[in-house]
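Below you'll find the structure, written out as structure tokens, and then a few comments.
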Ligand SMILES: Nc1ncnc2c1ncn2[C@@H]1O[C@H](COP(=O)(O)OP(=O)(O)O)[C@@H](O)[C@H]1O
Ligand SMILES: [Mg+2]
């Protein structure tokens, strides 16, 4: 009898969370398989890639959750970040080449990445105030569709603008920090990769703290759960939405900047990151920030596994298939969506 | 304290309120009654700034407020507890309450108000870590009213707090409103439960098809023949 009653809730809990359970088991299997086949090196690779996708996807989830905008210009924020970092870092690098200074060499890359973040934040404010705020004042009708079309337009303008001003050339760096790779558990990781990962984790952690523990962060969550309720308690919707868009743009820029050694800056560099970030939020649940973080790592697992066990050329195919399967069993994503405003509008 | 002057308002092409005028004085508990679809909720939404006027003027403490956005109206001291409640369902009871005091930056004042609210609604304190979305209908109503009080408003607009509640919970909600008045908060109450409302409110307005058709002390309204026929079923 007792055995039965304790087993029952467990079974029904598994049933309630079926998509999460299935994906967890699936991820665990992939993890073990990657470890056996590729060892620590591939595991680290996966975790580092996961951190990148998570940082990008969190911004998408935030913009969708708070503003109900399916943001298809997120890749261009990545692109702008990469350019800003390139044009800030290379002069510093040249200067340091003729005037060597250990300390400056260590912090110059961080300065470039930070500059990219600030540039992204400002760009976000400009785009929000210039495009979405006026639309919001005019009409809320067909908001999601209109907003989507606008982001496609923004993406087009920004990437073509970059092409016009800077040309189609690739601008990259081989590395930020000119130091030897670090050995961890028999695998060698470049310092650039490790720091890029650290930056994505610190940024996500800071965002998490901001959303959970501060007055304004709580207001952002309030807007995502009930816009009218938020206004009724005195929250300035316009301010929160501009802030949210600015934060998301800054995060994408930081991502583009810290990965400059991997993705060179060129006008359409944002395509691949955008693809993966969207893939993460669709699988995890639109507007779900926590889901986006976990989803980033799951997608990275899928990517590495495909490269190891299938073929590099299938890297985008297999994740897409898995995403479609996930959406078939759980239409609102593995972790569900806490966005309420969408259906109501 | 609150004065509506010849309000015309509605949704897109549907005009709901026709030349509505009324006033609520400081310390009063005023009832707005009327049949379903008369425009009672629309009136409250208009005061809260969620609907823009076609014409007319709304004054709060002698200042025009109908050109202000909702969040500023809230910060000026008007708290609107809507019929939909508009709670933050994915947050705890405590977080909902803290957000109610969003405009009060002083942490100490916030916590004092929270302590007072918990005293008034012990049930909310018991449930302070529960997600608002998982609470029962009655508890949610309590939470919405409590959240509305967290900003220390001068005026509360409360829309059908007893709708869908069991009689004993309705009694709790009404006594909370009466306590509010005792603490000097002015209340404009929209209610279906006409009999009870007219027995504890000071004055009442009757809204029918978007027009004010009757006004006066609640006692007189309650004794009125038309009201007795249409709303009290006597
Ligand atoms: N969001 C809305 N959009 C369009 N019409 C509405 C909306 N809300 C209410 N109405 C209409 O406005 C009229 C008054 O509604 P309401 O103010 O909710 O009445 P009451 O609260 O007195 O029952 C009704 O005819 C209703 O159908
Ligand atoms: Mg109503």
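Given their separation in residues at 0.36 nm each and the Cα-Cα distance between them, residue B:230 and residue B:166 gain 20.7 nm when the chain is fully extended. Taken along the Cα-to-beta-carbon direction at a fixed 7 Å, the label points for residue A:212 and residue A:191 span 3.2 nm. DSSP bridge analysis restricted to the protein assembly as shown gives an antiparallel fraction near 60%, rounded to the nearest 5.
Among A:18, A:260, A:110, the largest mean-square fluctuation in a Gaussian network model of chain A, built with springs joining Cα atoms closer than 10 Å, belongs to A:18.
Across A:159, A:313, A:258, mean-square fluctuation computed from a Gaussian network of chain A (C-alpha pairs under 10 Å connected) peaks at A:313. With a Förster radius of 35 Å applied to the beta-carbon distance between residue A:94 and residue A:311, the computed FRET efficiency rounds to 0.30.
Taken along the Cα-to-beta-carbon direction at a fixed 7 Å, the label points for residue B:68 and residue A:329 span 5.3 nm.
Distance from a point 7 Å along Cα→Cβ of residue A:145 to each backbone N in segment A:60-93: keep the residues under 19 Å and list them by number. Within reach of a label on residue A:145: A:68-72. Under a Gaussian network description of chain B, with springs only between Cα atoms under 10 Å, the residue in B:95, B:26, B:119 that fluctuates furthest is B:119.
Note on residue A:102 and residue B:183: with the Förster distance fixed at 56 Å, the Cβ-Cβ geometry gives a FRET efficiency of about 0.25.
Let me know the shape class of chain A, please: from the alpha-carbon gyration tensor, a ≥ b ≥ c as square roots of the eigenvalues, rounded when a/c is under 1.5, otherwise prolate if a/b is greater than b/c, or oblate. Verdict is oblate for chain A.
Bear in mind that the values in this text are calculations on the coordinates, not laboratory data. Everything numeric in this text was worked out from a predicted model, so none of it was measured. Virtual Cβ from ideal backbone geometry, glycine too; neighbours counted across all protein chains shown.
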